[in-house]
Amino acid sequence: MERHFEQELEALKEQLLLMGGRSETIIKKSIAALDRRDKRLAEEIFQDDNAIDRLEIDIEERCLRLLALQQPLARDLRFITAALKISNDLERVGDHAVNIAGSAMRLADTPMLKPLVDIPRMAAIATGMLRESLDAFVRRDSDTARGLCKRDDEVDNLNRQIYRELLSFMIEDPSTTTRALELILVARNLERVADLATNVAEEVVFIAEARIIKHHAEEIAAAKEARRPDDEDFGRT
């Protein structure tokens, strides 16, 4: 029975890695479609997203079956519940790729506003974070996961930089507004991909250390602890 449970956990891990690889690929594909102005490539992304959706359903069913039949405890329980959240995050990555593909299709027949430099760079960072967070997940490497959470700031800064640049285009020439807004939307979707990679990294810390670090939970807990009165002082005025 124990050996079967371990095999099921390993199969779950493999499914998550497969889903993660496809999520990374679909983002790269959407940016390629945008850069090449390739409608056919953009259309393929909608089918790719359907495959990711099916993987999420399979993973959810496996997790629920493990919870119901094996009644795992401690780290195994954390692993399975985190796997549920991670699969949902990866499914949302696919949704953001679909959004980018939609922008690629709408921009395909319009003149290029500017050479794409920062958006591919932003995509490379976001997909790199996603890949590294899943590698940390496999190794249960909380140190790497914590470092990834800090890299999200780099993507946020690029998003703001792209917004400012495109806003200047719209102010100088209102005829560029539609194209600029599409690129702002693309950057916003990539910023969300980095956020989702950060979510995965936070789940890695939860699995490895049984600590919740999302929403700065550790800092909040530390602040509460610092404000708590000593037992001997409790009740004094």
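Data for the structure
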{"item": "Thr177 paired with Asn88, simple spin-label distance in nm, labels 7 Å along Cα-to-beta-carbon", "result": "3.8 nm"}
{"item": "The chain: angle of helix 74-107 to the longest principal axis, Cα-based, in degrees nearest 10", "result": "10 degrees"}
{"item": "Per-residue Cβ neighbour rank within 10 angstrom, fewest leading, Val117, Val138, Val155, Val98", "result": "Val117, Val138, Val98, Val155"}
{"item": "Where labels lie 7 Å past Cα in the beta-carbon direction, separation of Glu209 and His4 in nm", "result": "3.7 nm"}
{"item": "Contour excess over end-to-end distance, with Cα ends at Glu165 and Asp38 and 0.36 nm allotted per residue", "result": "43.3 nm"}
{"item": "Using a Förster distance of 22 Å, the FRET efficiency for Val117-Gln47 (Cβ separation, nearest 0.05)", "result": "0.15"}
{"item": "Descending principal axes extents, segment 1-42, alpha-carbon based, whole Å", "result": "53, 13, 5"}
{"item": "Nearest-20 debye value, the chain charge dipole, Cβ charges on Lys, Arg, Asp, Glu", "result": "460 debye"}
{"item": "Mean separation of Cα contacts under 8 Å (6+ apart) over length of segment 1-126, as relative contact order %", "result": "40 percent"}
{"item": "Lysine pairs meeting the criterion (Cα under 16 Å, 8 or more apart or interchain), as found in the chain", "result": "5"}
{"item": "Separation of alpha-carbon centers, segment 127-189 and segment 72-94, rounded to whole Å", "result": "24 Å"}
{"item": "Angle in degrees between helix 177-209 and the longest Cα principal axis of the chain, rounded to the nearest 10", "result": "20 degrees"}
{"item": "Full-stretch length increase - Asp153, Leu73 - with 0.36 nm per residue and alpha-carbon distance subtracted", "result": "25.3 nm"}
{"item": "Long-range tail of P(r) for the chain (Cα pairs > 27 Å, %)", "result": "44 percent"}
{"item": "Karplus 3J(HN,Hα) series, Hz, for segment 165-172 with 6.51 cos²θ - 1.76 cosθ + 1.60 (x for Gly, Pro)", "result": "5, 5, 5, 5, 4, 5, 5, 6"}
{"item": "The chain - mean residue ellipticity at 222 nm from DSSP helices (-39,500 (n - 2.57) per run, n ≥ 4, rounded to 500)", "result": "-30000 deg cm²/dmol"}
{"item": "Percent RCO, i.e. relative contact order, over the chain, from Cα pairs under 8 Å lying at least 6 residues apart", "result": "24 percent"}
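The numbers here are math on the coordinates, done by the rules we state, and not lab data. Just so it is clear, the structure is predicted and the values come from calculations on it, not from any experiment. Neighbour counts are summed over all protein chains in view; Cβ atoms, including those assigned to glycine, are modelled from backbone coordinates with ideal geometry.
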